[in-house]
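Single-structure report; data block below.
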Amino acid sequence: MFANQIVTGVLIDDVALDMEELARACQVEPDWVVRHVQAGVLGEVTLQTAALRFRSTDLARARRLLELERHFDANEELAALVIDLADEVRRLRARLHALGIRDT
Amino acid sequence: MEYKDYYATLGIDRGATADDIKKAYRKMVRKYHPDVSKHKDADAKTKEINEAYDVLGDAEKRAAYDALGRGHHAGEQFHPPPDWSEHFDFGGAGADDFFADLFAQAGRSRRGGFQMRGDDIHAAITIDLADAYRGATRTVSLRVPKGEGPGRATMQEKTLSVNIPRGVTPGQQLRLAGQGHEGHGGAGPGDLYLEIQFAPDPRYRLEGAHVYENVPVTPWEAALGGSVAVPTPSGTVEVTIPAGSQSGRKLRLKGKGIPSATPGDLYLILDVVLPPANSDKARAIYQAMARDLAFNPRTA
């Protein structure tokens, strides 16, 4: 077993990931990130790829996009639609839960 | 280690074609996906299904898995024979699973001769709401390959005490630089990404940085108004209940939610609780109200 270490991380939302870091975290080429940003399904749409910055929600979304595309042969628009719908279900369920209404 | 039967996980036999595997995976993942499944173990089941498909869905990984697995059954103790993996190379085997354990001693060790940064690791850490209000140190354990010299590596448990910053909200990710997989050929390690998850708390519900809490009040507190002491995640506060309140009324305490960069609000939802009519005196009071108030909520 490794010795127990006390470590301090940084919140991605405080520092934001650049394109290379997001690509590395997802084990994809930076082109994959650029293609998805330009398709409007990831991060902010911009032509200045060098200035792209990504936050926690972008990292989670990129990994889900990748999984859907790989496992279901989905194109980026379809994968994004599935994620948007799933997120909406989660948001509504969280809202119901927050208001104390049980989702049966 | 314990043998995992990936074919059984996907409900297919060992002669399944690549197309059969893909179809079985898609069917299973749709059935157990946490967003649609009511199955109580949906998350764990989905993880198992993904782990099985990551191996069986890749022709080379499947061949290696098949070469090992003949005659074994799920749950049996399993020890791979020496040099079994010499025809396979899986540098990317890094997940916290049975297959990664197998290849900790094999594929990763044959990457000599070039430099490559270690892979990033993705995991989750569960905290309590109080941790988000005050910050905390929480422990996370990971199984990671650890190099033991040229050509040798074993899976080991790595325990980290992680400082959780004040103000984190569900779904945010912490990056721990250099805590990912080891690099190769002298290159640096990857990073560890930890997604923040909150343990369920029967007292509070979360929506981003906003916190919701039910507050039981008596009928007279709701009807007449008054000041009540309410325990909140940041301590007990005195709250003024407006006269004429009903169950479900929301009182907003601005900025008293999770203290993130943009602080959330704390919403107190009033829950009027009737005293039981279980004594002569209580029944007499209810009878007097029925007689004197002439109140019918169905016609109000």
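Summary of values
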read-out	value
Those residues of the stretch B:12-53 which are assigned to a loop (DSSP other than H, G, I, E, B) and over 20 Å from B:D66 (Cβ atoms), in sequence order	B:H33, B:P34, B:D35, B:V36, B:S37, B:K38, B:H39, B:K40, B:D41
Top-ranked residue in the stretch A:21-45 [being within 11 Å of another protein chain (Cβ to nearest Cβ) and without any contact (Cβ under 8 Å) to a residue 40 or more places away in the chain; ranked as surrounded by the most Cβ atoms within 10 Å (Cβ to Cβ)]	A:A25
Given (1) touching a residue at least 24 places away in the same chain (Cβ under 8 Å); (2) farther than 19 Å from A:D13 by Cα; (3) within 11 Å of another protein chain (Cβ to nearest Cβ), index of the condition B:G185 fails	(3)
Failed criterion for A:G100 (all others in (1) at the interface with chain B (Cβ under 9 Å from one of its Cβ atoms); (2) part of a helix (DSSP H, G or I) hold)	(2)
Test: residue in the stretch A:31-46 that is of a type in the set (F, W, Y) and within 15 Å of the chain's Cα centre (by Cα)	yes
Residue within the stretch B:220-230 that is under 30 Å from B:I125 (Cβ atoms) and within 21 Å of the chain's Cα centre (by Cα) present	no
In the stretch B:276-300, the residues that are closer than 30 Å to B:E238 by Cα and assigned to a loop (DSSP other than H, G, I, E, B)	B:P276, B:A277
Selection from the stretch A:9-20 of residues that are in contact with a Pro (Cβ under 7 Å, 6 or more places away or on another chain) and either crowded, with 19+ Cβ neighbours inside 10 Å or in contact (Cβ under 8 Å) with a residue 12 or more places away in the chain (or both)	A:L11, A:M19
Candidate set: the stretch B:249-285, residues that are surrounded by fewer than 13 Cβ atoms within 10 Å (Cβ to Cβ) and among the hydroxyl-bearing types (S, T, Y); chosen: the one farthest from the other protein chains (Cβ to nearest Cβ)	B:S279
Contacts under 8 angstrom Cβ, first residue in the stretch B:11-39 being outside the structural domain of B:L68 (by TED's automatic domain parsing), partner among the aliphatic types (A, V, I, L, M), 6 or more apart	none
Residue check, B:V168 at pLDDT 95 or above, under 19 Å from the mean Cα position of the chain (by Cα) and within 17 Å of A:I12 (Cβ to Cβ)	yes
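A quick yes/no check of all residues on (1) out of contact with any Pro (no Cβ under 8 Å at 6 or more places or on another chain); (2) surrounded by 15 or more Cβ atoms within 10 Å (Cβ to Cβ):
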| site | (1), (2) |
| --- | --- |
| B:V211 | no, yes |
| B:E221 | yes, yes |
| B:L224 | yes, no |
| B:V230 | yes, yes |
| B:V237 | yes, no |
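The values are calculated or read from the model by the stated rules, or taken from the named source; none is laboratory data. Treat the numbers as computed from the prediction; the structure is a model and nothing was measured. Ideal geometry is used to build each Cβ from the backbone, glycine not excepted, and the neighbour counts take in all protein chains shown.
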